[in-house]
Each structure stands twice: as structure tokens, then as C-alpha cells.
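Peer 1: This is the structure I have questions about; it appears just below.
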Amino acid sequence: MNSRNYDICPECDLLIDLAQPKIGEKIHCPRCDLLLLRPRKQSIERTFAYSIAGFILFFPANFLPLVGITLLGNVNTGILMSGVIALFTIKMWPVSIVVFLASILFPLVHISLSLLISGHLYFNHPNRNLVRWMRWMHHLDEWVMLEVYMLSIIVACVKLMAISPLELGWGLYAFISLIIITTLISSSLDKPLFWQRIEHLAKVNPHVR
Ligand SMILES: [Zn+2]
């Protein structure tokens, strides 16, 4: 079968007749030069591996202390959630909710979805929810903002360092690794390929739909 594959450039709305690019090849919009397709090598395998790593890292990043500070002889440690609670107790509810969603809940859901999707594709396991999961993940993309939280941690650390020596905790290292892993997940996840494989799985297993 040699079906033609048309697509619309999201930037300039040009209708483009897309040829299937090879791995390593890039397809740009002929009018505005936007990068449209860039098939990633071993996308499913890599996304699956990074998602497992990210899922495991999520727990130390959230439950181990990020920093420790000694004040008047007492050692205080802070985990990710304590920032959210601190904001909540000083009545900054909207900020605390946004921080909770963007730095804890959405990243967890996003990693779980990419783990579920890439796992099903890796094992060629059909599931009627794959399309729904892909859609949810697509919507979450712009809501995962770990870097923003990282910046605020750095600012807080610099301010605290003026008062007392700081000890960096394992949670902080796990959190930094989690940021790197989420970046790797989004760079390895080849959406057109994932959609293609989901479509193919549904075609060969019509009873699952
Ligand atoms: Zn264009």
C-alpha cells in the first residue's frame, strides 16, 4: 500500500504531502521551515527505558530531603511537598496549588502515561485506552514544569546560604536527575511514530477496540 500522507503545517497552515522520512532525516515545512518530522532512533525502546527510570526516580525526588539547614543547632530538612505546604500555610493557595500540580502531580501522571504507552507498544500489547492516554499526555506536555520549581529551589538555597550553611540532600540529586529524565523522555518520544504504532496495533487486534 502506498497511501499518501497529508498534513497541515501547525505554523503556517500549508497543506503538505508528507513522504515517510527515514531515521535521522528531517522534514521541514517548505514555506516557513518549521521542523515537522524527525523520526527518532529506537524511540519506543528508549522512551520505555527512560519512563521506567523516571518513575523510579520520582519517589526519592519527592520523599527524600532536598536540602538540610542548621538553625540554632536544629537541623531542618525540606522535601518537595514541604514547599507546597509552606505556601499553603501562608495562605498563598493559588501558588501552592499550581506548584503542586506542575511539580508533583502532573509530572507523575505524565511519566506514568509515557510508561504505560511505551510499555504497551514495546510488548505489542493492544489496549483500547492507548488513544486516550496519548491525548492526555499531549495535553499535559505544557503543564509539566519541573524546571520552574528547580529555579525557585535555587533562589531559596542562595538566600538561605546567607543565613546558615546548607547541606544538599539526596532528594535534590534525584530531583535534578528527574528533570534530565523528563527532558530525555520528551526528546525520545516520537509522536507520529507512536500514533502509527497505536493505529497498527488497533488494526491487527480489532476485537480490543
Ligand atoms: Zn509552515
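The values are calculated or read from the model by the stated rules, or taken from the named source; none is laboratory data. This one's a predicted model, so the numbers in the text were calculated from it and none came from an experiment. Cβ atoms come from the backbone with ideal geometry, glycine included; neighbour counts cover every protein chain shown. These area figures cover heavy atoms from the full protein model, side chains too; ligands, DNA and RNA do not enter into them. Shrake-Rupley method; radii C 1.70, N 1.55, O 1.52, S 1.80 Å.
Peer 1: Mind checking which residues of the range 108-128 are more than 12 Å from L201 (Cβ to Cβ), open to solvent by 20 Å² or more (accessible area, probe 1.4 Å) and polar (S, T, N, Q)?
Peer 2: Of everything in the range 108-128, just one residue is more than 12 Å from L201 (Cβ to Cβ), open to solvent by 20 Å² or more (accessible area, probe 1.4 Å) and polar (S, T, N, Q), namely S112.
Peer 1: Exactly one condition in (1) in a loop (DSSP other than H, G, I, E, B); (2) closer than 22 Å to L201 by Cβ; (3) modelled with pLDDT of 90 or more is false for T47; which is it?
Peer 2: All conditions pass for T47, except number (1).
Peer 1: Report yes if H138 is in a loop (DSSP other than H, G, I, E, B) and either within 18 Å of the chain's Cα centre (by Cα) or in the same structural domain as P65 (by TED's automatic domain parsing) (or both), otherwise no. Give the derivation first.
Peer 2: Values: in a loop (DSSP other than H, G, I, E, B): no; either within 18 Å of the chain's Cα centre (by Cα) or in the same structural domain as P65 (by TED's automatic domain parsing) (or both): yes.
Here the answer is no, as H138 does not meet what is asked.
Peer 1: Can you report the number of residues in the range 92-125 which are at pLDDT below 90 and in a loop (DSSP other than H, G, I, E, B)?
Peer 2: Total meeting the criteria: 1.
Peer 1: Something else now. Go through the range 1-31 and give me each residue that's open to solvent by 50 Å² or more (accessible area, probe 1.4 Å), assigned to a loop (DSSP other than H, G, I, E, B) and within 13 Å of the ligand (Cβ to nearest atom). Spell out the reasoning first.
Peer 2: So the first thing to find is which residues in the range 1-31 are open to solvent by 50 Å² or more (accessible area, probe 1.4 Å), and the list is 1-8, 10-11, 13, 15, 17, 19-20, 22-26, 28, 30-31.
With assigned to a loop (DSSP other than H, G, I, E, B) added as a condition, the list becomes 1-4, 10-11, 13, 19-20, 22-26, 30-31.
Scanning the range 1-31 gives P10, E11, D13, P30, R31.
Peer 1: So, M134, is that one modelled with pLDDT of 90 or more and either open to solvent by less than 50 Å² (accessible area, probe 1.4 Å) or of a type outside the set (G, A, S) (or both) or not?
Peer 2: Numbers: modelled with pLDDT of 90 or more: yes; either open to solvent by less than 50 Å² (accessible area, probe 1.4 Å) or of a type outside the set (G, A, S) (or both): yes.
Spelling it out, M134 is indeed modelled with pLDDT of 90 or more and either open to solvent by less than 50 Å² (accessible area, probe 1.4 Å) or of a type outside the set (G, A, S) (or both).
Peer 1: Quickly run through the range 159-206 and pick out the residues that are more than 14 Å from L130 (Cα to Cα), open to solvent by 90 Å² or more (accessible area, probe 1.4 Å) and in a helix (DSSP H, G or I).
Peer 2: K159, M161, W170, Y173, I180
Peer 1: Check F59, F48 and return the single one that is more than 16 Å from the ligand (Cβ to nearest atom), closer than 16 Å to F175 by Cβ and either open to solvent by less than 70 Å² (accessible area, probe 1.4 Å) or of a type in the set (A, V, I, L, M, F, W, C) (or both). Write out each step before concluding.
Peer 2: Working: F48 fails: closer than 16 Å to F175 by Cβ.
Of F59, F48, the one residue that is more than 16 Å from the ligand (Cβ to nearest atom), closer than 16 Å to F175 by Cβ and either open to solvent by less than 70 Å² (accessible area, probe 1.4 Å) or of a type in the set (A, V, I, L, M, F, W, C) (or both) is F59.
Peer 1: Here's a check for you: in the range 32-44, which residue that is surrounded by 11 or more Cβ atoms within 10 Å (Cβ to Cβ) and outside any loop (DSSP other than H, G, I, E, B) is nearest to the ligand (Cβ to nearest atom)? Let's see the steps before the verdict.
Peer 2: At the first step, the residues of the range 32-44 found to be surrounded by 11 or more Cβ atoms within 10 Å (Cβ to Cβ) are 32-34, 36-40, 42-44.
In the following step, the residues that additionally are outside any loop (DSSP other than H, G, I, E, B) were identified as 36-37, 43-44.
On the way: L36: 8, L37: 13, S43: 24, I44: 28 Å.
Among residues in the range 32-44 that are surrounded by 11 or more Cβ atoms within 10 Å (Cβ to Cβ) and outside any loop (DSSP other than H, G, I, E, B), the one nearest to the ligand (Cβ to nearest atom) is L36.
Peer 1: So, in the range 54-91, how many residues would count as being assigned to a helix (DSSP H, G or I), of a type outside the set (G, A, S) and closer than 22 Å to S177 by Cβ? Talk me through it step by step, then tell me what you get.
Peer 2: Pass one, the range 54-91, residues assigned to a helix (DSSP H, G or I): 54-63, 80-89.
Subset that is of a type outside the set (G, A, S): 55-60, 62-63, 80-81, 84-85, 87-89.
Okay, now just the ones that are also closer than 22 Å to S177 by Cβ, so 55-60, 62-63, 80-81, 84.
Within the range 54-91, residues that are assigned to a helix (DSSP H, G or I), of a type outside the set (G, A, S) and closer than 22 Å to S177 by Cβ number 11.
Peer 1: State which residue pairs qualify: first residue assigned by TED's automatic domain parsing to the domain that holds T47 and inside the range 193-207, second residue open to solvent by 30 Å² or more (accessible area, probe 1.4 Å) and charged (D, E, K, R) in any location, beta carbons under 7 Å apart, and separation of 6 or more residues or different chains.
Peer 2: A202/R209
Peer 1: Looking at the structure I just gave you, is I90 in contact (Cβ under 8 Å) with a residue 24 or more places away in the chain and either away from the ligand (no atom under 16 Å from the Cβ) or crowded, with 16+ Cβ neighbours inside 10 Å (or both)?
Peer 2: Spelling it out, it is not the case that I90 is in contact (Cβ under 8 Å) with a residue 24 or more places away in the chain and either away from the ligand (no atom under 16 Å from the Cβ) or crowded, with 16+ Cβ neighbours inside 10 Å (or both).
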